[in-house]
């Protein structure tokens, strides 16, 4: 079996159009669709989820901007 790989970006999730394929008219082919792994996207989603979870904690709701800035400055000073 010959393999042919082609990358496309989904613009309409209801259909995929493949063109300029190296096969003869009437030739039977098997189509397998694999979503490309995007580790950066996965990590970004995990970080966003963590931020959402952290920001929803009741004890975080009472932290002021000045307290946040003081923590950042202390960290920068190595404290």
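Every number here is computed from the coordinates shown, using simple stated rules; none is lab data. Just so it is clear, the model here is predicted, and its values are computed rather than measured. So basically every Cβ, Gly included, is an ideal-geometry build from the backbone, and we count neighbours across all protein chains shown.
Structure data summary
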item: Residue 31 vs. criteria exposed (fewer than 10 other Cβ atoms within 10 Å of the Cβ) and either within 30 Å of residue 3 (Cα to Cα) or under 21 Å from the mean Cα position of the chain (by Cα) (or both); result: yes
item: Residue 59 vs. criteria in a loop (DSSP other than H, G, I, E, B) and either loosely packed, with under 10 Cβ neighbours inside 10 Å or in contact with a helix residue (DSSP H, G or I) (Cβ under 6 Å, 6 or more places away or on another chain) (or both); result: no
item: Lone qualifier among 37, 20, 49 - being loosely packed, with under 10 Cβ neighbours inside 10 Å and within 14 Å of the chain's Cα centre (by Cα); result: 37
item: Any pair with Cβ under 9 angstrom, 6 or more apart, that starts in segment 47-61 at a residue that is without any contact (Cβ under 8 Å) to a residue 12 or more places away in the chain and ends at one that is loosely packed, with under 10 Cβ neighbours inside 10 Å and assigned to a loop (DSSP other than H, G, I, E, B); result: 55/61
